[in-house]
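As structure tokens, the structure follows; a few thoughts come after it.
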Amino acid sequence: MGRIGVIFQRELAGYFATPIAAVFIVIFLLLSGAFTFYLGNYFARGQADLVPFFDFHPWLYLVLIPALAMRLWAEERRSGTIELLLTLPVTMWEAVAGKFLAAWCFTGIALALTFPMWLTVNLLGDPDNGVILASYLGSLLMAGGFLAIGSCISALTKNQVIAFVVSVVISLGFILSGFPLVLELFSGWAPQFLLNAISSFSFLTHFQSISKGVLDLRDILFFLSLIAFWLFATATVIDMKKAES
Amino acid sequence: MEIMVEIKNLRKAFGPIVAVDGVSFTVGKREVLGFLGPNGAGKSTTMKMITGFLTPTSGTVHICGHNIEDQPIEAKMRLGYLPEGAPAYQDMTPASFLTFIGEMRGYRGATLKRTVSETVEKVNLQSVLNQSIETLSKGFKRRVGLAQAILHDPDILILDEPTDGLDPNQKHEVRTLIRAMAQEKAIILSTHILEEVHALCSRAMIIAKGKVVFDGTPAELEGKSPAHNTVLGTIAGVDPLVLHHHLMTVKGVKKIEELGRDGDLVKFRIYPDDGQWILPDIGHCVREQGWEVRELYPDRGKLDEVFRLLTTPKQTIS
């Protein structure tokens, strides 16, 4: 086990050593259930699929993931442990990746615990399990994207409330970047190629195309490269900000 | 002497503010270097650069021959660092925290277990091993911090205010621990407590406004005090003028300062030329005159005084 693994393990255990794990998982399961059944009309639709379940994931993540990510680096900076961590024989990249992967794995665990949903739909009908698997994968990738954004914002401030609010706003921008709300901000003055670029950043578009069961490499690469970019930004921000105690 | 830490022209600027301004020094094995200076003088910033946390604006740091910027991993492996305030992951227990540090330092399996338990014994953490760190007293928290710094038996220890905020018993414990380790390591510690320099350090360095204003032994530091090797005395029933007249004839006496009178008692301080040792000659003179002596003792000078002299803007001594 390398140093990324050691950090990963400590972080992951940290979620379960505090009430964070229980609170996050319970609320995630409750909300995803409530949305699916009440807002998504799971039963009334009369279709054996999990579309109403996955449709709400971007919005659930919008609130829950920044809450999970806000402590990633803000807490390290506030308590001074960042100095401890970064003076151990470890590279910045290993520290950023280890912490991110632990948080991502944690959301993966929460996501996996929605398996009764999958059982239910299989019990009630004959769904396309390939589509469901693809949707789960897409959801996990999207969660990683939100987490990477949250990680970077968390590195910018010692204040977790600020980290949360800013992450939510930026995440919202990424969800909606293909929609008029965001595009109209640019449409007056920005050239068309920029508008196309912005709308191609929409989490919603990429997630929806994956959850249709079409595992396009471009959608997967979109999320992976987005994660890589924000983690790189995280490392850069930490490096710039660490002089401020 | 084997050089462990070599620092050349270290400089750190935060925007227009220069926190550390051209600091150079080396520290060898078995040396305990005490870093002194007012708050904001650049002590912590210097330590953060030595440990590789901050990148210097210019200048170099070598740890056992490894440049901290070019070979950070190799350098950091040789270092143990206790940051200011001994930060630790509060929701962990000392046992799990030290295991984590051990793993980060590359220990695994039985070696890891043995190393952790040896360290726990060294700093006496057995009784709180499975309590979460946030519930521990300040003294124990500091010991946890020390434990993580010494776990891998590093050649170099950097301790930022290791005894700050501890009670006298805890201070004593921490100092005993540091003294025990000084035999085989190079230690740099920062402190506000000047008595600590006497108790622990083989060398003292004063930093003010990012520059080294003094570098020498604690005794040399004392020697900078205007009161160094002066003689304080109280004598009964003698006319101060007579006293003055006779004492001024003693060899090596430069100046006599009357400190006060109380009835027929006269209190005075005698300053020597060039800090020389004049007590025996004074004693001889006093006995010869048959004066009634109440007190007669030498003053080594106060480090506090030197500290103030060296770190306040108007420097009266060089």
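You will find that of A:Leu194, A:Leu221, the residue that is free of Cβ contacts under 8 Å to residues at least 24 places away in the same chain, open to solvent by 80 Å² or more (accessible area, probe 1.4 Å) and either out of contact with any helix residue (DSSP H, G or I) (no Cβ under 6 Å at 6 or more places or on another chain) or under 27 Å from A:Ala134 (Cβ atoms) (or both) is A:Leu221 and no other. Listed conditions (1) within 18 Å of A:Gly80 (Cα to Cα); (2) at the interface with chain A (Cβ under 9 Å from one of its Cβ atoms); (3) surrounded by fewer than 21 Cβ atoms within 10 Å (Cβ to Cβ); (4) under 25 Å from the mean Cα position of the chain (by Cα) are all met by B:Tyr81, apart from (3). Residues of region B:19-43 that are open to solvent by less than 50 Å² (accessible area, probe 1.4 Å), within 20 Å of B:Thr312 (Cβ to Cβ) and not acidic (Asp, Glu): B:Ala19, B:Val20, B:Val23, B:Gly34, B:Phe35, B:Leu36, B:Gly37, B:Pro38, B:Ala41, B:Gly42, B:Lys43.
All of B:Thr119, B:Thr55, B:Thr60 fail the test of being over 30 Å from B:Ser24 (Cβ atoms) and either within 11 Å of chain A (Cβ to nearest Cβ) or surrounded by 15 or more Cβ atoms within 10 Å (Cβ to Cβ) (or both), apart from B:Thr119. Residues in region A:197-216 that are without any contact (Cβ under 8 Å) to a residue 60 or more places away in the chain, in contact with a helix residue (DSSP H, G or I) (Cβ under 7 Å, 6 or more places away or on another chain) and open to solvent by 60 Å² or more (accessible area, probe 1.4 Å): A:Phe201 alone.
Residue pairs whose Cβ atoms lie under 7 Å apart, separated by 6 or more positions or on different chains, with the first residue in region A:43-61 and farther than 20 Å from A:Leu147 by Cβ and the second open to solvent by 40 Å² or more (accessible area, probe 1.4 Å) and among the basic types (Lys, Arg), are A:Pro52/A:Arg45. Consider A:Glu11 carefully, then state whether it is without any contact (Cβ under 8 Å) to a residue 24 or more places away in the chain, closer than 30 Å to A:Val237 by Cβ and open to solvent by less than 30 Å² (accessible area, probe 1.4 Å). It is false that A:Glu11 is without any contact (Cβ under 8 Å) to a residue 24 or more places away in the chain, closer than 30 Å to A:Val237 by Cβ and open to solvent by less than 30 Å² (accessible area, probe 1.4 Å).
At least 1 residues that are closer than 30 Å to B:Leu194 by Cα and open to solvent by 60 Å² or more (accessible area, probe 1.4 Å) in each: list the strands (runs of 3 or more DSSP E) lying fully within region B:217-318 that qualify.
B:253-262, B:265-272, B:292-299
Checking each residue in region A:33-76 for being among the hydroxyl-bearing types (Ser, Thr, Tyr), farther than 22 Å from A:Leu231 by Cβ and crowded, with 18+ Cβ neighbours inside 10 Å picks out A:Thr36, A:Tyr42. Here is a list: A:Leu133, A:Leu137, A:Leu183. Which entry is under 25 Å from A:Leu217 (Cα atoms) and surrounded by 14 or more Cβ atoms within 10 Å (Cβ to Cβ)? Within the list A:Leu133, A:Leu137, A:Leu183, the selection yields A:Leu137. Quick check, is B:Lys8 of a type in the set (Lys, Arg) and within 11 Å of another protein chain (Cβ to nearest Cβ)? For B:Lys8, the condition - of a type in the set (Lys, Arg) and within 11 Å of another protein chain (Cβ to nearest Cβ) - is not met.
Look at (1) surrounded by fewer than 15 Cβ atoms within 10 Å (Cβ to Cβ); (2) at negative phi and you find that B:Ala75 fails only one, number (1). Answer yes or no: is there a residue in region B:153-170 that is within 14 Å of chain A (Cβ to nearest Cβ), within 25 Å of A:Lys99 (Cα to Cα), in contact (Cβ under 8 Å) with a residue 24 or more places away in the chain and surrounded by 15 or more Cβ atoms within 10 Å (Cβ to Cβ). Checked region B:153-170: no residue is within 14 Å of chain A (Cβ to nearest Cβ), within 25 Å of A:Lys99 (Cα to Cα), in contact (Cβ under 8 Å) with a residue 24 or more places away in the chain and surrounded by 15 or more Cβ atoms within 10 Å (Cβ to Cβ).
The values are calculated or read from the model by the stated rules, or taken from the named source; none is laboratory data. Note that the coordinates shown come from a computational prediction; the quantities given were computed from them, not determined experimentally. Positions of Cβ are generated from backbone atoms using ideal geometry, with glycine treated the same way; all protein chains shown enter the neighbour counts. For the accessible areas, the whole protein counts, side chains as well, though only heavy atoms, and no ligand, DNA or RNA atoms are used. Shrake-Rupley method; radii C 1.70, N 1.55, O 1.52, S 1.80 Å.
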